[in-house]
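A.B. asks: Pasting a structure below so you can have a look.
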Amino acid sequence: MDAEKVTHAGGCHCGAVRFEVDAPARLEVYECNCSLCGMLGFRHLIIPRSRFRLLSGEGTLSEYRFNTGVARHLFCRQCGIKSFYVPRSNPEGISVNLRCLDLATIESVRLLEFDGRHWEQSAAALAHLDR
C-alpha cells in the first residue's frame, strides 16, 4: 500500500522557479554517481508527472540535453539551479532535487544509491518510479 501523500513545495535559489509535488512525508530518494549528478549534488525524488505542478518560472527555464537526448535537464536562467528535470530513466516522470524542497513537510529521508556510472545495467531499478 502506498504511503499517504503530502504536498511538498520547492524551487530554485532565486525563487523564480516554484513547484509542488505530491509525495510521502517520509521520502526515499536516490543519489546517483554519474558525472552530472555527482557535480551537481542532485538527489532524485522521481515521481509521476501527474504529481508535479510547476507554479512559476516556466519562461525562466533553460534546457540542456546530452548523450541520448532523452533527459531534459532544466535550469533556472537567473540562478543556475536545476531543481527538477525529466530523467532518462523515467521520461514520463519528473525527478525533483531533494535539496530544492522546502523542509517543512519532510518528515524523514532515506537515501538510496544508484549506479549511474553504469547506467545501462542499472536503469531497470528505477523504471517503476514514474507510475
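A.B. asks: Kindly indicate whether Phe52 is under 20 Å from Ile106 (Cα atoms) and aromatic (Phe, Trp, Tyr).
C.D. replies: Here the answer is yes, as Phe52 does meet what is asked.
A.B. asks: Given the options Leu54, Leu36, name the one that is over 20 Å from Ala125 (Cβ atoms), of a type in the set (A, V, I, L, M) and surrounded by 13 or more Cβ atoms within 10 Å (Cβ to Cβ).
C.D. replies: Of Leu54, Leu36, the one residue that is over 20 Å from Ala125 (Cβ atoms), of a type in the set (A, V, I, L, M) and surrounded by 13 or more Cβ atoms within 10 Å (Cβ to Cβ) is Leu54.
A.B. asks: Identify all residues within the range 92-131 that are under 24 Å from Gly69 (Cα atoms), open to solvent by 50 Å² or more (accessible area, probe 1.4 Å) and touching a residue at least 24 places away in the same chain (Cβ under 8 Å); write none if there are none.
C.D. replies: Glu92, Glu113, Asp115, Arg117, Trp119, Arg131
A.B. asks: Among the residues that make up the range 82-102, is at least one of them farther than 17 Å from Ser35 by Cα and more than 15 Å from the chain's Cα centre (by Cα)?
C.D. replies: no
A.B. asks: Does Ala9 satisfy the criteria of being in a loop (DSSP other than H, G, I, E, B), small (Gly, Ala, Ser) and surrounded by 14 or more Cβ atoms within 10 Å (Cβ to Cβ)?
C.D. replies: So Ala9 does not fit the description; no.
The values are calculated or read from the model by the stated rules, or taken from the named source; none is laboratory data. Just so it is clear, the structure is predicted and the values come from calculations on it, not from any experiment. Here the Cβ is made from the backbone with ideal geometry for all residues, glycine too, and neighbour counts use every protein chain on show. Just so you know, the surface numbers come from the protein's heavy atoms only, side chains and all, with ligands and any DNA or RNA stripped out. Shrake-Rupley method; radii C 1.70, N 1.55, O 1.52, S 1.80 Å.
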